[in-house]
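Written out below as structure tokens is the structure these notes cover.
The values are calculated or read from the model by the stated rules, or taken from the named source; none is laboratory data. What you see is a predicted model; the values in this text were computed from it and never measured. When we count neighbours, we look across all protein chains shown, and the Cβ atoms used for this are built from the backbone with ideal geometry, even at glycine. These area figures cover heavy atoms from the full protein model, side chains too; ligands, DNA and RNA do not enter into them. Shrake-Rupley method; radii C 1.70, N 1.55, O 1.52, S 1.80 Å.
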Amino acid sequence: MKLSLVIPCYNEEDNVELFYKEVNDCFEEQIMDYEFIFVNDGSQDKTMNKLKKLYKQREKDNIKVIGFSRNFGKEAAIYAGLQQAEGEYTAIIDADLQQRPQVVLSMVEILDKEEEYDCVAAFQDKRNEGMILSFFKRAFYKIINMVADTKFVSGASDFRCFRKNMRLAIISMSEYHRFSKGIFSWVGFETKYIPYKAEKRNAGTSKWSFRKLYKYGMDGILSFSIAPLKLATYVGTICAFLALVYMFVIFLQKLMFGIDVPGHATVVTLILFIGGVQLFFLGVLGEYISKMYIQEKKRPIYITRETFGVAEKKEEDELSDKKE
Ligand code: UDP
Ligand code: MG
């Protein structure tokens with residue numbers, strides 16, 4: 001198998017069939033050997049029915065469908081897809097046709113020709129988003145690159161194609177809070193970035209609200225940096241130092257001038273300030289502990305309800321488990 005396409009789908013009933021057709025038309029005579037791995041991420045619409053239909057009507061045996069028991073998020077869907085991929089190369093692509101299959105062809109071509117690269121990632125050189133959103137996105141990349149050791153390339157999406165070695169490396173990272181932009185760069189491997197233009201969504205709406213994006217961004221920072229924790233140490237040290245200096249000043253004043261410090265306002269302000277700082281960092285600590293708590297439970301990243309095209313393999317696995 002040359003290429004596996006991993007396609008996360010959440011409420012994409014009007015897109016999956018067209019997507020399937022477009023890819024087949026585009027790949028015709030270019031790549032002979034490729035497979036679709038559709039992951040239905042607990043859609044509430046008819047996506048699963050459409051996928052089942054595609055599976056039943058298939059001409060070649062190159063469709064796998066994984067249906068989740070509920071919505072686990074795009075990251076979980078990608079993870080499930082990668083686990084089932086069998087291709088020499090694996091590409092991750094959205095179901096809404098914003099990312100054209102032609103771009104995947106050029107990615108494959110690059111991997112074929114340039115052996116030094118293990119991954120080709122597409123980035124949007126021009127974003128057709130609102131000013132505010134793109135401002136926040138740029139700010140996010142500035143901050144995360146400042147605080148994290150892993151490098152994040154602004155605008156690089158998870159629209160990418162990589163070799164098997166990289167796929168296995170990504171699967172080996174079985175963390176629960178998945179932030180794939182970070183995972184891709186954490187595992188290393190030479191990556192080539194190519195620009196692409198995101199088309200308009202074919203049908204349906206984007207699943208990203210500002211709130212979801214904020215949460216996702218925070219997940220990214222908390223998963224790939226402990227800078228917020230270190231900040232607590234720095235701020236704490238500075239506060240303690242300032243307090244010492246102030247204490248010394250008051251002491252001298254008292255000794256030399258015998259003035260009583262008229263200090264009610266100062267004391268109240270300081271108590272509030274220190275209290276605020278302490279609570280803030282208690283919160284930061286809480287964020288990390290809550291992540292540890294969830295991870296420690298070792299809950300699965302996703303749960304499947306039904307699968308097509310991958311079932312036989314699983315049953316075999318279960319049988320061999322029983323034999324052991
Ligand atoms: N998606 C998913 N699970 C989710 C949200 C999104 O599998 O919880 C899929 C969605 O079906 C699409 C891709 O992830 O194929 C990208 O989502 P979307 O188009 O909403 O994001 P955008 O393109 O607006 O960034
Ligand atoms: Mg989209």
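Checked against (1) within 16 Å of ligand 2 (Cβ to nearest atom); (2) open to solvent by 30 Å² or more (accessible area, probe 1.4 Å); (3) of a type outside the set (F, W, Y), D96 passes all but a single condition, namely (2).
Taking first residues from the range 39-62 that are in a loop (DSSP other than H, G, I, E, B) and partners that are hydroxyl-bearing (S, T, Y) and surrounded by 13 or more Cβ atoms within 10 Å (Cβ to Cβ), the Cβ contacts under 9 Å between residues at least 6 apart in sequence or on separate chains come to D41/Y10; D41/T47; D41/Y302; G42/Y10; S43/Y10; Q44/Y10; N62/Y34.
Table: residues versus (1) closer than 23 Å to E12 by Cβ; (2) touching a residue at least 60 places away in the same chain (Cβ under 8 Å); (3) within 13 Å of ligand 1 (Cβ to nearest atom).
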residue	(1), (2), (3)
F159	yes, yes, yes
I171	no, yes, no
R178	yes, yes, yes
G182	no, no, no
W186	no, no, no
F189	no, yes, no
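Give F248, F210, F162 a once-over and let me know the one that is open to solvent by 30 Å² or more (accessible area, probe 1.4 Å) and over 16 Å from the mean Cα position of the chain (by Cα).
Numbers: F210 fails: over 16 Å from the mean Cα position of the chain (by Cα); F162 fails: open to solvent by 30 Å² or more (accessible area, probe 1.4 Å).
When all the criteria are applied, what remains is F248.
Any residue at all in the range 4-20 that is part of a helix (DSSP H, G or I), near ligand 1 (Cβ under 10 Å from one of its atoms) and in contact with a Leu (Cβ under 8 Å, 6 or more places away or on another chain)? Reasoning before the result, please.
If we filter the range 4-20 for residues that are part of a helix (DSSP H, G or I), which is where we start, we get 16-20.
If we keep only those that are near ligand 1 (Cβ under 10 Å from one of its atoms) as well, we get 16, 19.
Narrowing further to those that are in contact with a Leu (Cβ under 8 Å, 6 or more places away or on another chain): 16, 19.
Yes, there is a match, as at least one residue in the range 4-20 is part of a helix (DSSP H, G or I), near ligand 1 (Cβ under 10 Å from one of its atoms) and in contact with a Leu (Cβ under 8 Å, 6 or more places away or on another chain).
Counting just the residues of the range 187-211 that are assigned to a loop (DSSP other than H, G, I, E, B) and of a type in the set (V, I, T), which one comes out farthest from ligand 2 (Cβ to nearest atom)?
Keep residues of the range 187-211 that are assigned to a loop (DSSP other than H, G, I, E, B), which gives 187-190, 197-209.
Imposing the further condition that a residue be of a type in the set (V, I, T) reduces the set to 187, 205.
Numbers: V187: 24, T205: 9 Å.
The selected residue is V187.
Among what's in the range 21-38 and is open to solvent by 10 Å² or more (accessible area, probe 1.4 Å) and either free of Cβ contacts under 8 Å to residues at least 24 places away in the same chain or among the β-branched types (V, I, T) (or both), pick the residue that is nearest to ligand 1 (Cβ to nearest atom).
Narrowing the range 21-38 to residues open to solvent by 10 Å² or more (accessible area, probe 1.4 Å): 21-22, 24-26, 28-34.
With the extra rule that they be either free of Cβ contacts under 8 Å to residues at least 24 places away in the same chain or among the β-branched types (V, I, T) (or both), the set shrinks to 21, 24-25, 28-29, 31.
Working: K21: 16, N24: 18, D25: 19, E28: 23, E29: 26, I31: 21 Å.
It comes out as K21.
Against the condition open to solvent by less than 50 Å² (accessible area, probe 1.4 Å), away from ligand 2 (no atom under 16 Å from the Cβ), β-branched (V, I, T) and in a helix (DSSP H, G or I), how does V103 come out, does it pass? I'd like the intermediate steps shown before the answer.
Numbers: open to solvent by less than 50 Å² (accessible area, probe 1.4 Å): yes; away from ligand 2 (no atom under 16 Å from the Cβ): no; β-branched (V, I, T): yes; in a helix (DSSP H, G or I): yes.
No: the conditions fail for V103.
Which count do you get for residues in the range 213-239 that are open to solvent by less than 70 Å² (accessible area, probe 1.4 Å) and either within 16 Å of ligand 2 (Cβ to nearest atom) or under 19 Å from the mean Cα position of the chain (by Cα) (or both)?
Filtering the range 213-239 for residues open to solvent by less than 70 Å² (accessible area, probe 1.4 Å) gives 213, 216-217, 219-225, 227-229, 232, 235-236, 239.
Filter again for either within 16 Å of ligand 2 (Cβ to nearest atom) or under 19 Å from the mean Cα position of the chain (by Cα) (or both), leaving 213, 216-217, 219-225.
Of the residues in the range 213-239, 10 are open to solvent by less than 70 Å² (accessible area, probe 1.4 Å) and either within 16 Å of ligand 2 (Cβ to nearest atom) or under 19 Å from the mean Cα position of the chain (by Cα) (or both).
Here P300 clears all of (1) at pLDDT 80 or above; (2) part of a helix (DSSP H, G or I) except the condition numbered (2).
With respect to being farther than 30 Å from K164 by Cβ, open to solvent by 80 Å² or more (accessible area, probe 1.4 Å), assigned to a helix (DSSP H, G or I) and in contact (Cβ under 8 Å) with a residue 40 or more places away in the chain, L242 falls outside the description.
Considering only residues that are part of a helix (DSSP H, G or I) and either surrounded by fewer than 20 Cβ atoms within 10 Å (Cβ to Cβ) or within 16 Å of ligand 2 (Cβ to nearest atom) (or both), which ones fall in the range 63-80? Even if it seems obvious, please write down each step before you answer.
If we filter the range 63-80 for residues that are part of a helix (DSSP H, G or I), which is where we start, we get 74-80.
Residues satisfying the conditions are K74, E75, A77, I78.
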